[in-house]
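Q: Take a look at this one; I'll ask things after.
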Amino acid sequence: MASRSVNKVILIGNLGKDAETKFAPSGTAKTTFSIATSRRWKDQATGDWKEETDWHNIVLWKSENLANYLQKGKQVFIEGRLTTRSWDDKDGNKKWMTEVVADNVILLGQGGGGGEGGGGSRSSSYDDSEFGSGGGGGPVSMPRSARREPAAPTQSTGGSFEPGITDDDVPF
């Protein structure tokens, strides 16, 4: 019987700094940034609210145009996979880093920079061996000039059910 495995990551968080794009000699773009995710809970012993923040390193391949939109404080939805790489530092010590290789990125529009939402995503596969780690997808972000206008509110006739959120409002 064949075994199954899953390597899937879904994160919603805020960028800790502006994204940075570097290019391989062949022209392949690698965009990197970090996002913070937080969780809150009530301490059972003291009754105080506690908060914990985790930082995640994100790698996007072939996404040279997206770095303009990925600015510190922006909220993003990331879908991808975990990958771990290792190297020897200048003193010969083995170093390890775990990253999320993103397949999809959606700008959620909250955080610093105006609070406008929108965006879409695209997945693709390719060989990224020039950079020495696994591949992912190239996200696409909708420019501000191409964003859709919000839908006009609907009027209810009677006491029927009127949803406040449509499929277009859900970011994923």
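Q: What does the charge count around residue 11 come to, taking other residues whose C-beta lies under 14 Å from its C-beta (Lys +1, Arg +1, Asp -1, Glu -1)? Let's see the in-between values first.
A: Numbers: positive: 8, 39, 74, 81; negative: 54, 79, 99, 103.
Here the charged neighbours net out to 0.
Q: Using a cut-off of under 19 Å, list every residue of the range 1-30 whose amide N is near the label point 7 Å from the Cα of residue 49 along the Cα-to-beta-carbon line.
A: Flagged as within label range: 13-14.
Q: Using per-residue counts of other Cβ atoms within 10 Å, averaged over each peptide, order 72-81, 86-95 from highest down.
A: My ranking of the peptides, most packed first, is 72-81, 86-95.
Q: Rank these residues by their accessible area, most exposed first, probe 1.4 Å: 33, 23.
A: Working: 33 10, 23 125 Å².
Highest to lowest solvent-accessible surface, that is 23, 33.
Q: If you don't mind, there's one more thing I want to ask. Express in Å², to the nearest 10, the accessible area of residue 3 obtained by rolling a 1.4 Å probe over the protein heavy atoms while all chains stay in place.
A: Probe radius 1.4 Å; accessible area of residue 3 about 110 Å².
Q: Rounded to a whole number of µm²/s, how large is the Stokes-Einstein D of the range 42-94 at 25 °C and 0.890 mPa s, given Rh as the Kirkwood radius over C-alpha pairs? Mind dumping the intermediate values first?
A: Values: Rh = 15.8 Å.
For these conditions, the coefficient is 155 µm²/s.
Q: For residue 89 paired with residue 2, estimate the spin-label separation in nm (one decimal), with each label point 7 Å from Cα along the Cα-to-Cβ line.
A: Between residue 89 and residue 2, the label points sit 4.2 nm apart.
Q: Net charge near residue 58: determine it from the other residues with C-beta under 12 Å of the C-beta of residue 58, scoring Lys and Arg +1 and Asp and Glu -1. Before the final figure, lay out the partial values.
A: Values: positive: 17, 30, 81; negative: 20, 79, 99, 103.
Value of the local net charge: -1.
The values are calculated or read from the model by the stated rules, or taken from the named source; none is laboratory data. Please read these numbers as outputs of a predicted model, since none were measured by experiment. Cβ sites come from the backbone with ideal geometry, for glycine too, and all protein chains shown count toward neighbours. For the accessible areas, the whole protein counts, side chains as well, though only heavy atoms, and no ligand, DNA or RNA atoms are used. Shrake-Rupley method; radii C 1.70, N 1.55, O 1.52, S 1.80 Å.
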